[in-house]
Amino acid sequence: MTGHIDTIVAIATPPGQGGVGIVKTSGPDSGRIIMGLCRTRPPPRQCRYTAFYDEQGQVMDRGLVLFFQGPDTHTGEDIAELHGHGGPVVMNLLLNRVLSLGARYARPGEFSERAFLNNKIDLLQAEAVADLISSASEKAALSAVRSMEGQFSALVGELVRKTVELRVFVEATLDFPEEETGAPAEKELLSRVTECRRFLADILARAEAGRMLAEGLKIAIIGKPNAGKSSLLNQLAQVERAIVSPLPGTTRDTIEQQILIDGMPVKVIDTAGIRKAGNVVEQDGIRRAKAAAENADVVVLIADVNEDDLPDLKNIATDFGAGKNMLFVFNKIDLSEHPPGKRQTKEGLEEVYISAKTGAGIAALKQAIKKTVVLADYSENTFVAHTRHINILKEARSMLEDTTDRFCRHHATELFADDLSRLQQTLNAITGEYVADDLLGEIFSRFCIGK
């Protein structure tokens, strides 16, 4: 898809005062708009210092104008950039003048959407643009750049290629009698399936790490009343985020705080104490606490080291089912003789001893949190991903496992080939080759205006 009939415009710099502000257009009328606004148009990819004129020919501002001629541009269309003084009044004067010359105000993310629709970037790269802008840490920003440069897309493309090769191999066996293929062909087929599954598992593991970089690791602090949950939140956040009181049941709702642990964004959720609720408000608080734990990547089960709460913590832990990452944390060591740090129990549980009041043992807790979550390498190989991508990869994994099991039971190569074709379409939804229009609208609506 190329060549939109309208031209869009937006302020491409944040609101507020600054040395420079930018108004950006994209569309076929960009060159004509420059002529109407500046009475001149610079050659493509050259910068000119000029005046910006209003409808009466009065100078509104002076600044720089640039013109980029499509299709060799970010959006694939003609683009103009007006660099003026960065005050909100000046920017709105320029914006309104461009609108009067025939442009339309851009929707959120519409510049990136046009780049995607004009095949300048795929959907993964477009989403990475928004991730880069909203990065909460340096590592998240660098990972977003890697996705924007196409590293995630390349891995998905390689997986699609392996799937196509597997499908071609399966369909080729249909052209030969069974006695000419037999066991050797089936052995080769299953070997290729194993390679696809291994490659898919690797991408999924790295995407999980990327999702945590983009959306943040979610940690729910769960425990009985007065165990120190709110104090722990405040200690991790280094601010008085939650009310701390010796009275049990002070926290009635979940409280969230964004922090960084060694450059990794983490959302810590303080919850109501788990106990037999005495009223409707407490019951609702406990329900929300359990919901936060179920949706968390890590559950920190906290107890008073001076109380015999471990049996109760184990009972609470069973409510969340197998596979949940959990840490048993014992607080208030400042009131006991227990040293801070980690300890491995005979049952294989990792216990961390802390004082949320003094900060003793908090460094060990942070390391335990990082260790608890099995992440891909947080280095030059990490790319940003989202829940949407992971759900598609998990769906593809299930499809590949199910179709392989059916083939092993029934040896129906025709059905196997059809299943692989559907698997290919599922994977292509990640990069946007097959994607519904309503999903596109939802994705780009999360972008800022002007990007």
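The values are calculated or read from the model by the stated rules, or taken from the named source; none is laboratory data. Owing to the predicted nature of the structure, the values given are computational and were not obtained by experimental measurement. Neighbour counts run over all protein chains shown; Cβ positions are idealised from the backbone, glycine included.
Some observations on this one:
- Every residue from the range 379-406 that is in contact (Cβ under 8 Å) with a residue 40 or more places away in the chain and of a type in the set (A, V, I, L, M, F, W, C): 383, 384, 385, 390, 393, 396, 400
- Tally, over the range 102-120, of residues that are over 30 Å from residue 430 (Cβ atoms) and crowded, with 18+ Cβ neighbours inside 10 Å: 1
- Check on residue 391, surrounded by fewer than 17 Cβ atoms within 10 Å (Cβ to Cβ) and modelled with pLDDT of 85 or more: yes
- Odd one out for residue 81, checked against (1) surrounded by 20 or more Cβ atoms within 10 Å (Cβ to Cβ); (2) within 18 Å of residue 449 (Cβ to Cβ); (3) among the charged types (D, E, K, R): (1)
- Residues (touching a residue at least 40 places away in the same chain (Cβ under 8 Å) and not aromatic (Phe, Trp, Tyr)) located in the range 39-56: 54, 55
- Residue that is at pLDDT 85 or above, of a type in the set (Asp, Glu) and surrounded by fewer than 22 Cβ atoms within 10 Å (Cβ to Cβ), where the choices are 334, 319: 334
- Single condition residue 173 does not satisfy, out of (1) more than 30 Å from residue 58 (Cα to Cα); (2) touching a strand residue (DSSP E or B) at 6+ places or on another chain (Cβ under 9 Å); (3) surrounded by fewer than 21 Cβ atoms within 10 Å (Cβ to Cβ); (4) not hydrophobic (A, V, I, L, M, F, W, C): (2)
- Residue-level analysis places residue 436 among those that are within 30 Å of residue 25 (Cβ to Cβ) and at pLDDT below 85.
- Among the criteria (1) in contact with a Leu (Cβ under 6 Å, 6 or more places away or on another chain); (2) modelled with pLDDT under 80, the one residue 199 does not fulfil is (2).
- Scan of the range 48-76 for residues that are of a type in the set (A, V, I, L, M, F, W, C) and within 24 Å of residue 114 (Cα to Cα), ordered by number: 65, 66, 67, 68
- Considering the conditions (1) at pLDDT 95 or above; (2) not assigned by TED's automatic domain parsing to the domain that holds residue 110, residue 68 is excluded by exactly one of them, (2).
- Check on residue 113, charged (D, E, K, R) and not in a helix (DSSP H, G or I): no
- The condition of being closer than 20 Å to residue 30 by Cβ, touching a Cys at 6+ places or on another chain (Cβ under 7 Å) and crowded, with 19+ Cβ neighbours inside 10 Å holds for only one of 98, 65, that being 65.
- The one condition in (1) assigned to a strand (DSSP E or B); (2) out of contact with any Lys or Arg (no Cβ under 8 Å at 6 or more places or on another chain); (3) more than 22 Å from residue 109 (Cα to Cα) that residue 57 fails to fulfil: (1)
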